[in-house]
Amino acid sequence: MKIENKKRLIDFPIILLFLVMSLIGAAQDANPPIYTSPIVNSDRTVVFNIYAPKAGNIHLISTIQPESIPLVKAKNGLWSVTIGPVPPEIYHYQFNVDGAKITDMKNQSPYPWLEGKSELIVPGTPALLHEVSDVPHGTLHDHIYHSRTIGGPNKVRIYTPPNYNPHDDRHYPVLFLLHGFGEKVSFWSDFGKINLITDNLIAEDKIIEPIIVMPNGDPLEAEYYKFFSSQTEGNIWMEKNIDVLDKDLQNDLLPFLKSHYKVKPEKQDMAICGSSMGGIHAIVLGVRNLDKFSWVVGLSTGLKIPPFDIVDKEQINGLKLLQLNTSKKDEWGFAQSNKVHKWLTDHDIKHNYIVTDGGHEWDTWRKDMIALLPRLFR
């Protein structure tokens with residue numbers, strides 16, 4: 001039952017997609033044209049196509065640019081637009097078909113968040129740090145461990161660097177990396193490309209090789225829907241969720257990690273970071289567990305004020321790093337992050353405040369991590 005509640009939210013865009021496509025008549029034509037979408041050309045122009053013979057108008061909505069782009073309809077019912085050249089990066093997009101937002105049915109790389117989007121990768125020359133390069137690669141390990149805190153199985157994804165050997169004496173620092181609301185343990189690698197970024201930075205000798213732990217940020221899955229019901233119910237869910245995360249971290253995940261991996265146990269070798277809701281989790285859990293973490297970073301958070309109790313102000317100021325990242329185009333977190341930054345400054349809490357030009361999206365967080373990883377554990 002727990003899984004079904006969450007699955008309905010994630011699958012809703014897929015259901016909507018088939019309803020819309022049936023309404024516009026795509027499934028009713030016996031001889032639809034054969035086509036591909038998207039097509040990334042060698043000059044980095046990109047062609048988007050969608051077959052919708054009964055649609056009145058279609059627009060491309062994407063993270064490539066803020067304005068939507070109209071597609072042009074051909075006689076055979078195929079709508080197309082060519083844009084670019086597009087700068088090398090990873091983008092997300094949708095089609096707006098007569099007011100309904102849908103994924104690109106031809107795209108094999110969906111972005112399964114709360115609304116259906118598709119992923120577009122425009123490669124760089126040379127390859128960007130989040131791309132697959134000809135370097136040694138680390139390994140992603142998926143585990144199901146028993147959590148006494150939640151009374152059942154829990155999931156975690158763990159990255160080990162290329163040189164990791166469970167049979168030698170070398171131990172590694174640990175970065176706990178938390179995902180945002182509506183996401184899963186796989187998102188930081190699937191869409192944040194954190195494994196590829198880490199591989200490439202290791203190959204360039206720019207970082208201290210870490211083990212990266214990507215926990216389940218939604219242990220209260222059965223009450224997940226409360227986030228949508230009201231701000232009050234959402235805040236109650238968030239507080240409970242953080243408490244369960246905290247107990248699971250201390251009583252279940254950390255013991256599992258230490259018994260299965262070569263990790264350094266000292267707090268100077270432990271970092272916690274997260275994006276969006278995971279950024280809130282990272283700041284709160286980091287400050288709650290000052291005996292475990294020395295590096296605490298929140299990306300695009302919506303922290304409330306006060307963000308935490310400052311009874312341990314001296315210990316908080318003893319952190320090697322307390323950092324908030326935000327971005328000017330983040331409509332969800334920018335204004336609140338400014339308020340939290342002011343509160344921390346007014347209360348003499350030592351911290352870094354990083355403001356970039358991005359939005360509340362993976363493009364921003366990938367760049368945040370490229371800048372952050374070289375700073376950790378030094």
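The values are calculated or read from the model by the stated rules, or taken from the named source; none is laboratory data. This one's a predicted model, so the numbers in the text were calculated from it and none came from an experiment. No Cβ is skipped: glycine too gets one built from the backbone with ideal geometry, and neighbour counts run over all protein chains shown. Protein only, heavy atoms only, side chains kept; ligands, DNA and RNA dropped before computing areas. Shrake-Rupley method; radii C 1.70, N 1.55, O 1.52, S 1.80 Å.
The table that follows gives values for the structure above.
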item	result
Which listed pairs, of Lys292/Lys342; Lys117/Lys184; Lys292/Lys320; Lys329/Lys367, have C-alpha distances above 18 Å, in listed order	Lys292/Lys342
Asn163 paired with Ala74, simple spin-label distance in nm, labels 7 Å along Cα-to-beta-carbon	5.4
Most to least accessible of Thr301, Thr63 (protein chains only, probe 1.4 Å)	Thr63, Thr301
Rounded accessible area of Ser68 (nearest 10 Å², 1.4 Å probe)	60
Dipole in debye (nearest 20) - segment 123-264, about Cα centre, beta carbon charges: Lys, Arg +1; Asp, Glu -1	280
Max mean-square fluctuation residue, GNM over the chain, Cα-Cα springs under 10 Å, options Ile90, Ile272, Ile150	Ile150
Segment 264-362: radius of gyration over Cα atoms, expressed as a fraction of 2.2 N^0.38 Å	1.01
For segment 36-172: rounded, prolate or oblate by the Cα gyration tensor [a/c cutoff 1.5]	oblate
Surface accessible to a 1.4 Å probe, Val311 within the full protein complex, Å²	110
Cα-based equivalent ellipsoid, segment 28-83: semi-axes from gyration tensor eigenvalues, Å	21, 15, 8
In range of the label at Val47: residues from segment 88-114 whose backbone nitrogen is under 18 Å from the point 7 Å along Cα→Cβ	104-108
Cα gyration tensor, segment 278-320 - rounded (a/c under 1.5), prolate or oblate	oblate
Virtual spin-label span in nm between His146 and Val81, 7 Å along Cα→Cβ	5.5
Cα-derived Rg to Rh of segment 181-311, Kirkwood definition	0.97
Qualifying chymotrypsin sites (Phe, Trp or Tyr not before Pro) for segment 285-362 [loop in DSSP, other Cβ within 10 Å: at most 14]	Trp332
Furthest towards positive pole of dipole, Pro66, Asn76, Pro126, structure part segment 36-194, Cβ charges	Asn76
The chain: calculated mean residue ellipticity at 222 nm from DSSP helix runs of at least 4, using -39500 (n - 2.57)	-8500 deg cm²/dmol
Cα-only radius of gyration and Dmax that characterise the chain, units Å	22.1, 72
Glu233 versus Ile121: modelled label distance in nm, points set 7 Å from Cα along the beta carbon direction	3.9
Residue with peak Gaussian network fluctuation, the chain [Cα springs, cutoff 10 Å], from Glu131, Glu233, Glu183	Glu233
Relative contact order of segment 124-265, pairs being alpha-carbon contacts under 8 Å that are 6 or more residues apart, as %	30
Of Ala52, Ala100, Ala203, the one that fluctuates the most in a GNM where the chain has Cα springs shorter than 10 Å	Ala100
Prolate/oblate/rounded call for segment 142-207, Cα gyration tensor, a/c under 1.5 rounded	oblate
Accessible carbon and sulfur surface of the chain relative to its total accessible area, %, 1.4 Å	54
Debye, to nearest 20: dipole size of the chain, +1 on Lys, Arg Cβ, -1 on Asp, Glu Cβ	240
The chain - accessible surface per residue (Å², probe 1.4 Å)	47
Loop GluC sites (Glu not before Pro), segment 273-378, which have at most 16 other Cβ atoms in a 10 Å radius of their Cβ (DSSP)	Glu331
Hypothetical label at Glu331: residues of segment 55-92 whose amide nitrogen lies under 16 Å (7 Å Cα-Cβ projection)	61-69
Lys, Arg +1 and Asp, Glu -1 on Cβ, resulting dipole of segment 174-329 about Cα centre, debye, nearest 20	320
Axial C-alpha extent at least 24 Å, average Kyte-Doolittle at least 0.5 - helices from the chain (DSSP)	2-23
Alpha-carbon gyration tensor eigenvalues x 5, square-rooted, for segment 236-288, Å	21, 13, 9
Gain in span if fully extended, Ser109 to Arg375, counting 0.36 nm per residue against the direct Cα distance	92.6 nm
